[in-house]
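Asks: The structure's right below; bear with me while I get my questions together.
Only the coordinates and a few stated rules stand behind these numbers; no lab work does. Here the structure is a predicted model, which means the values were calculated and not measured. Glycine also receives a Cβ, built like all others from the backbone with ideal geometry; neighbour counts cover every protein chain displayed.
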Amino acid sequence: MDLTAYGKGTFKTFCINDGTTLPLYYQLAPNAMLVPHDTLDAEFLSLAEAEGIADIEELNKILERAVNLKAFLVAVDREACALYKQALDVIFSELGLPSDTAQVVFTDNNNDSALLKQFHLDAKLERQIRKSFCKLEQQPKILIVTEKLLAELSRNEERKKQQDEKGMDALTIFLNSSLREANINNPDAVSQQIKAAFVNHPNWKSSEAAWRELRNQVTFALYAECDQPDQVTPLVDSLFTTLAKGDRPG
């Protein structure tokens, strides 16, 4: 151990000053993957023939019907989402298709790059895009998302399915799912109790007194059924943050 004036000079003395720690230089290797159009067309037509579709007119009718389908494009990260959106906009413009044929949805941050900030959406517009994507006749036809957001969308769809099966409203389903994920005991009963508290405090977003009283009731309801009390406060924070934004599923 090297003892400097502060008693913490070992790394500086034996790693930096003696030259064993060196700067790291790196360069991203270019990665261009191109599929020859002729090969792609030939393989596509061979697959169509293998399926018993040899008539070009019949194949075109199938492709026309396929145009009305919807698709997720799952990118590796948010920057990739933005780049896919830009590339697709160029292609759709050349085909005479509207720019909203493909839309990108991801969580934005204040320190995002200029590229990412081009695709920041306010909460209202993002909800509208998600709802429109679920309707076959509306744009967008392609929704570009990250894997994390795709998982979130899947959870929302599962909540809606539970809502239909159990006859629960959206708030109860959201609470019920959140409590189950947090391993709260008796989630059905607790979610109903918390829902009743929200119903009894309709002005909780605008009244500090109502907000405090509601938060106390929710906290006590969770404490009574939680095996790990230290998880209660983070769970309450998460519930109130989500509901305050108006992002409740359904």
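Asks: List every residue whose amide H lies under 5 Å from the amide H of Ala75, counting only residues 5 or more places away in sequence or on a different chain, with H placed 1.01 Å from N in the peptide plane.
Replies: HN-HN under 5 Å from Ala75: Val145, Thr146, Glu147.
Asks: To continue, here is another question. Suppose a student asked you for the relative contact order of the range 168-244, using Cα pairs under 8 Å spaced at least 6 residues apart; what percent would you report?
Replies: Result for the range 168-244 is 28 percent.
Asks: Report ³J(HN,Hα) in whole Hz for each residue of the range 229-236, in order, from the Karplus equation J = 6.51 cos²θ - 1.76 cosθ + 1.60 where θ = phi - 60°; Gly and Pro get x.
Replies: Working through the residues one at a time gives x, 5, 8, 5, 4, x, 5, 4 Hz.
Asks: Here is a further query. Cα-based count: Lys pairs in the range 68-150 below 17 Å, eight or more positions apart or different chains?
Replies: 7
Asks: Could you run the Karplus curve 6.51 cos²θ - 1.76 cosθ + 1.60 with θ = phi - 60° over the range 118-123 and give me ³J(HN,Hα) per residue in whole Hz, x for Gly and Pro?
Replies: 4, 10, 5, 10, 6, 4
Asks: Let me ask another. Run the numbers for Asp41 and Val90: contour at 0.36 nm per residue of separation, minus the present Cα-Cα distance, in nm.
Replies: In short, 15.5 nm is gained.
Asks: In addition: Taking 2.2 N^0.38 Å as the expected size of a compact globular protein, what ratio does the Cα radius of gyration of the range 68-150 give against it, to two decimals?
Replies: Rg over 2.2 N^0.38 Å, computed on Cα atoms: 1.04.
Asks: Given a Förster radius of 45 Å and the C-beta distance between Glu213 and Val74 as r, what FRET efficiency does 1/(1 + (r/R0)^6) yield to the nearest 0.05?
Replies: Efficiency, from the Cβ-Cβ distance: 0.55.
Asks: A follow-up question, please. Which log10 I(q)/I(0) values, to two decimals, does the range 168-244 give at q = 0.16, 0.17, 0.20 Å⁻¹ under the Debye formula with one point per Cα?
Replies: These q points yield log10 I(q)/I(0) values of -0.51, -0.58, -0.81.
Asks: Restricting attention to the range 102-137, which trypsin sites (Lys or Arg not before Pro) occupy a DSSP loop and are surrounded by at most 13 other Cβ atoms within 10 Å?
Replies: Lys135
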